[in-house]
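Scroll down for the structure; my scribbles are underneath it.
The values are calculated or read from the model by the stated rules, or taken from the named source; none is laboratory data. Bear in mind the structure is a predicted one, so any value in this text is a computation, not a measurement. Note: ideal-geometry Cβ built from the backbone for every residue, glycine included; neighbour counts use all protein chains shown.
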Amino acid sequence: MKRSDSEMVPPGNKEPIVICISGLSGCGKSTVARAIAKSFDLRYFSGGDALKALASEVGYRSLEVGWWESDEGIKFLEERTRDKSYDRRVDDKLLEFAESGDVVLDSWTMPWLLDKGFKIWLAASPERRAVRITKRDKINLAAAVEMLKQKDAKTKHLFKKLYGFSLGEDFSPFDLVVDVNHMDPDQVFTTLRLAIERLLLKKC
């Protein structure tokens, strides 16, 4: 995922770039969003990282590997459903970053809340996502499948209640939907980089 000169934002580009990468847990969105930001010399911000920082402030052990899929991570997700201020604080900050431009946002909500930007959804099956989480978080497959099932359901409920959109079901905000089931991280990165160059940068 090393950047070359041809992958950077054209020197004459005047239009601020806003890229939003989204997808359900375990699809690889954070990994590729960081790589895309580095490749095009853009800033990177993660809604998930910001939420974990808020969770840490109120006593959760959110910096542990695999925390989102842990029992404690699920508990925080339930707390967010009761207290909407967590997500609203993070989303307000991401909207500020988007307004300033030249940014890659790793977020579930921004595709629906932003009027601007190039929006990408990474589609992956529950089975594929569970396998990826077993490698990332060092847990067994059965535990990964169960945690994903819980997290997907609660996350979809949260955003339906908070903003009214159907996460993982409504793809209308997206400029590009990519099936990543049979791709490794480098292939996902290459696909997105080429799509951004051809579909976004040529318009800027």
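Details
- The set of residues from segment 168-204 being among the charged types (D, E, K, R), surrounded by fewer than 14 Cβ atoms within 10 Å (Cβ to Cβ) and under 19 Å from Asp102 (Cα atoms) comprises Arg198, Lys202, Lys203.
- If the condition is being part of a strand (DSSP E or B) and small (Gly, Ala, Ser), then segment 14-24 contributes only Ser22.
- Cross-chain or 6+ apart pairs with Cβ under 8 Å, segment 60-76 first and touching a residue at least 24 places away in the same chain (Cβ under 8 Å) and over 13 Å from Lys154 (Cα atoms), then aliphatic (A, V, I, L, M) and in a loop (DSSP other than H, G, I, E, B): Gly66/Ile139
- Thr134, sole failed condition from (1) surrounded by fewer than 13 Cβ atoms within 10 Å (Cβ to Cβ); (2) farther than 17 Å from Ile21 by Cα; (3) among the hydroxyl-bearing types (Ser, Thr, Tyr): (1)
- Condition met for Asp152 (out of contact with any strand residue (DSSP E or B) (no Cβ under 7 Å at 6 or more places or on another chain) and part of a helix (DSSP H, G or I)): yes
- Taking segment 25-131 and the helices (runs of 4 or more DSSP H) fully enclosed by it, the elements with 2 or more residues that are in contact with a strand residue (DSSP E or B) (Cβ under 6 Å, 6 or more places away or on another chain) are at 29-39, 85-100, 110-113.
- A single member of Ala144, Ala195 is within 28 Å of Tyr86 (Cα to Cα) and either out of contact with any strand residue (DSSP E or B) (no Cβ under 7 Å at 6 or more places or on another chain) or part of a helix (DSSP H, G or I) (or both), and it is Ala144.
- Against the test of being more than 17 Å from Ile36 (Cα to Cα), assigned to a loop (DSSP other than H, G, I, E, B) and in contact (Cβ under 8 Å) with a residue 12 or more places away in the chain, the options Phe159, Phe165 yield a single qualifying residue, Phe165.
- Cβ pairs under 7 Å, 6+ apart, first in segment 105-133 and on the phi > 0 side of the Ramachandran plot, second outside any helix (DSSP H, G or I) and buried (at least 21 other Cβ atoms within 10 Å of the Cβ): Gly117/Val18; Gly117/Ile19; Gly117/Cys20
- Matching residues in segment 57-106 - criterion: being touching a Cys at 6+ places or on another chain (Cβ under 6 Å) and closer than 20 Å to Lys161 by Cα: none
- Residue within segment 7-28 that is among the acidic types (Asp, Glu), farther than 17 Å from Thr109 by Cα, surrounded by fewer than 17 Cβ atoms within 10 Å (Cβ to Cβ) and modelled with pLDDT of 95 or more present: no
- Close pairs from segment 176-204: first farther than 17 Å from Ser22 by Cα, partner assigned to a helix (DSSP H, G or I), Cβ under 8 Å, at least 6 apart: Glu197/Glu7
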